[in-house]
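Working notes, structure below.
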Amino acid sequence: MRRSTHTAIQAVTEDLEGEYQFNTAVSELMKLSNALGDATCKDSPVYREGVETLLKLLAPFAPHIAEELWQSLGYVDSVHQQAWCVLDSSALVVDEIPLVIQVMGKTRGTILVPAQLRPCHARAACLARRSWHNVILRVRRSKSYCGHWKIGEFCDWLRLDETAKNRLSAHGTGINSINGLHSSFTDCFS
Amino acid sequence: MESRYNPAAIEEKWQQVWTEQGLDLAPESIDKPKYYALSMFPYPSGNLHMGHVRNYTITDVIARHKRMQGYRVLHPMGWDAFGLPAENAAIERGIPPAQWTHQNIEHMRSQLKPLGLSIDWSREVVTCSPDYYHWTQWLFLQFLQAGLAYQKEAMVNWDPIDQTVLANEQVDNQGKSWRSGALVERRLLRQWFLKITDYAEQLLNDLDKLTGWPDRVKLMQENWIGKSTGAQVIFKTMAGDHLPVFTTRPDTLWGATFMVLSPEHPLVEKLTTPEQAEVIKAYQSAAASQSEIDRTAEDKEKTGVWTGSYAVNPVNDEKIPVWIADYVLMGYGTGAIMAVPAHDQRDFEFAKTFNLPIKVVVQPVGQSLDAAPLTADALTTAYVQEGVLVHSGALDGVVAGKGAGQSVEAAVKWLEANGKGTGTVTYRLRDWLISRQRYWGSPIPVIHCPTCGTVPVPDADLPVLLPEEVEFSGRGPSPLSKLESWINVPCPTCGTPARRETDTMDTFMCSSWYYLRYPDAGNPGQAFDPTKVNDWMPVDQYVGGIEHAILHLLYSRFFTKVLRDRGLLKVDEPFSRLLTQGMVQAATYKIRRRVSISHLNTLMLLIPVIPTQVRNWKSSTKKCLSLSTMALTRRMCWQSMGQILRACLFCSKHRLKKIWNGMMQM
């Protein structure tokens, strides 16, 4: 939840400076609004922070509705007199990130891997070949491919230790279904 | 609080509260960094349209964001209120221009306010009110004192429909008036000009300082200023008359094989041999009946006539024939050109048409000069690519080009050393024609005295008020020039009977300094207090249409520089950052007419935001609509917009509703 809040702060602030990407700012607000809707912790301070952030970020775009909702939170001062939200970059740290699994060019599913193993948001696409040892993983960061890895190199990149590597290789041998892939990954990373 | 999202109820309520609390006022004394957010002010045509809403909303979002970031923000609004449409309304419907304009302002202000833009309305300026044009007149006198305003007889663009003179910028690339669409004629009239050309070099160089401007706009200004370096070279006729030419490629002089004069060139008569006299006369009268645009069109078939005479090429003493052709204009350069057919496409076509000699003086790099040289016969088009000079005397082997140490520089040096010519810099930019033979503009504050000449109206007598008892016929000269009681005044210097200037100023004069009035809008004794203006200037973010890339933005930069040099301003440039929003265009943009908000026949192109619509859509919805659907710099086309308008509207309202409902479930 806190991550959604601060991701929105970062994105909207960036969109309001530099190139003025107001259209993407508005969709960032929708993302935060949806995240608040899905949240389960509705009486926590984190949720309250999220709601107040949404209204403050909304204020330049839709000043009236932001004000009305702001005052309904119990404030007397105008939302337009509030200080702009401050980004806490530690809140942006991601604990798990999704790996997209592709088999023969088709997306078969997504698995979550621990984020501390990964330097940034990235997508790994697996092109299944005959055996696990020959699986080539295509890892990409944003739009450009960083490179092609054999499974061993991929493990090195994920900074897996020898044991995990062996386990992954052992599990991988002969696997050719998405379920098998999934379980071998989750097994290794759990 | 209602649980249903009801924009009508909350918007009016909060606008009232914000006004009472003064949230939109720009504070001056508090210790915060300043931020000046400015929208290009509207012409009060009568109705707001979506282009306005989009423009002002963008600026509003920026202003609100900056306030929350801890800046004191100046976000003002005003009206660019002089101009032809008001006068046309007076002619067509008999409504006085002032009344028409003020009614429109009232109406548009009442449309604008419900949008809930955080505008400091206490600083509103209206360029047609005497307390504003007082200072436009005063600023004109500043230019006059600085020697930057002058009168000259000039060939001007005459709009036969609006019966007025147009600036070059108001004539489109087809030679038609930007407003009436009529084919523009040429006439000679005594006119007022501002010497913007004195600032050409600064206006060009300082474009580099404008890091917050779109490259496209800077390029447009650069091209408009159109600096070219080259040389003035004196050719001599066989009779010994001087025929100066300006060329940007003096390095190709050795390849000049003929000369072309404009049919209007004063030496044509002297140069014409008796045998050629008849065809030359006929050609001259044919050229006179054509417009400049037709004469210089690139795809036009080349025509021309030989005068029967020769001139001498000063660099190699070769005898070359002198022709006349309509594509050479008298008003441009010296009215004469040297023709280098091997390396200039237009000259090449001319030479091919009339079977004139072609001489190659630039060879492709890397080719030996003797082996397989480029030959004139082999050319199918002019050779304009890179290369080295050949058959060019002392310059043989020099790399062709305009860079340091390359052929153009070397040629200028050689010409100067040998007394055959001089290096020159020319600009495409012309002085700014500011006088209009119209009523609805700021009177030019000078008096013409038979003994003292042109006398400025003393500061104490400013403003020269526009008389109100005026008749508008729509025919003939300006209504002011028929008003004897207003025209006849004693000379302020010697007291003898004198006459007022009856021309009024181009409205671009009013809009060239309005951003300097907002910081000190109510000042009755000064155009602005320099302390206040220097506090707020420069404008940190300027938002407006790309259609002002040249005219308004260049003039404003010029004004700023002149006022800086007069000690009234400290900034070099008025606008730090510029956002040119995409134009909201009608599908009929294909006819290449700007969406002129004043034109009756273009009204259908606009979606007027009438008050009931404002009430129905409500401003938040509309603001999100104009922001969310497209990137800001993209053009919006109403043809497709019309179709998706409802969908967008729903989408945007839906988004807000969703946020509202989400909150209600808390």
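The values are calculated or read from the model by the stated rules, or taken from the named source; none is laboratory data. Worth saying up front: this structure is predicted, and the values here are computed from it rather than measured. Cβ atoms come from the backbone with ideal geometry, glycine included; neighbour counts cover every protein chain shown.
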So is A:L29 at the interface with another protein chain (Cβ under 9 Å from one of its Cβ atoms) and modelled with pLDDT of 90 or more or not?
-> no
Determine if region A:93-101 includes at least one residue that is more than 7 Å from every other protein chain (Cβ to nearest Cβ), touching a helix residue (DSSP H, G or I) at 6+ places or on another chain (Cβ under 8 Å) and either within 30 Å of B:G212 (Cα to Cα) or assigned to a helix (DSSP H, G or I) (or both).
-> no
Do we find that B:A286 is within 26 Å of B:G175 (Cα to Cα) and touching a Pro at 6+ places or on another chain (Cβ under 9 Å) in this structure?
-> yes
Considering residues that are of a type in the set (A, V, I, L, M), touching a Lys or Arg at 6+ places or on another chain (Cβ under 9 Å) and either within 25 Å of B:K113 (Cα to Cα) or crowded, with 21+ Cβ neighbours inside 10 Å (or both), the number found within region A:37-92 is 4
When region B:481-500 is examined, which residues are found to be buried (at least 18 other Cβ atoms within 10 Å of the Cβ) and either more than 21 Å from B:C128 (Cβ to Cβ) or modelled with pLDDT under 90 (or both)?
-> B:C491, B:A498
Which numbered condition trips up B:I161, out of (1) surrounded by fewer than 18 Cβ atoms within 10 Å (Cβ to Cβ); (2) in contact (Cβ under 8 Å) with a residue 40 or more places away in the chain; (3) not in a strand (DSSP E or B)?
-> (2)
Sole exception among (1) more than 8 Å from chain B (Cβ to nearest Cβ); (2) closer than 24 Å to A:Q81 by Cβ; (3) in contact with a helix residue (DSSP H, G or I) (Cβ under 9 Å, 6 or more places away or on another chain) for A:A39, by number = (2)
When region B:7-26 is checked residue by residue, the ones that are surrounded by 13 or more Cβ atoms within 10 Å (Cβ to Cβ), in a loop (DSSP other than H, G, I, E, B) and within 12 Å of chain A (Cβ to nearest Cβ) are B:L23, B:D24
Of all residues making up region B:396-433, the number that are of a type outside the set (D, E, K, R) and surrounded by fewer than 15 Cβ atoms within 10 Å (Cβ to Cβ) = 9
List the number of the failed condition for B:S129; all other conditions in (1) surrounded by fewer than 18 Cβ atoms within 10 Å (Cβ to Cβ); (2) over 29 Å from B:H102 (Cβ atoms) hold.
-> (2)
Condition met for B:V584 (assigned by TED's automatic domain parsing to the domain that holds B:D80 and at pLDDT 95 or above) = no
Here are some conditions: (1) touching a Lys or Arg at 6+ places or on another chain (Cβ under 7 Å); (2) more than 30 Å from B:G525 (Cα to Cα); (3) among the small types (G, A, S). B:S180 meets all but one. Which one does it not meet?
-> (1)
A:E19 is checked against (1) surrounded by 15 or more Cβ atoms within 10 Å (Cβ to Cβ); (2) not in a helix (DSSP H, G or I) and fails just one. What number does that condition carry?
-> (1)
May I ask you to say which residue of B:V126, B:V53 is within 14 Å of chain A (Cβ to nearest Cβ), among the hydrophobic types (A, V, I, L, M, F, W, C) and in contact with a helix residue (DSSP H, G or I) (Cβ under 7 Å, 6 or more places away or on another chain)?
-> B:V53
Within region B:296-326, track down each residue that is buried (at least 20 other Cβ atoms within 10 Å of the Cβ) and among the hydroxyl-bearing types (S, T, Y).
-> B:T307, B:S309
Count of residues meeting criterion [in a helix (DSSP H, G or I) and either within 14 Å of B:R577 (Cα to Cα) or of a type in the set (V, I, T) (or both)] in region B:207-221 | 7
Taking B:M509 and the conditions (1) within 24 Å of B:L84 (Cα to Cα); (2) surrounded by fewer than 18 Cβ atoms within 10 Å (Cβ to Cβ), which numbered condition does it fall short on, given that it satisfies the others?
-> (2)
Of the numbered conditions (1) at pLDDT 85 or above; (2) surrounded by fewer than 16 Cβ atoms within 10 Å (Cβ to Cβ), B:A382 satisfies every one except a single condition; which is it?
-> (2)
Residue list for region A:53-90, filter: free of Cβ contacts under 8 Å to residues at least 12 places away in the same chain, part of a helix (DSSP H, G or I) and at the interface with another protein chain (Cβ under 8 Å from one of its Cβ atoms) | A:H64, A:I65, A:E68, A:S72, A:Q81
Please work out which residue is surrounded by the most Cβ atoms within 10 Å (Cβ to Cβ), limiting yourself to region B:327-373 and to residues that are acidic (D, E) and modelled with pLDDT of 90 or more.
-> B:D347
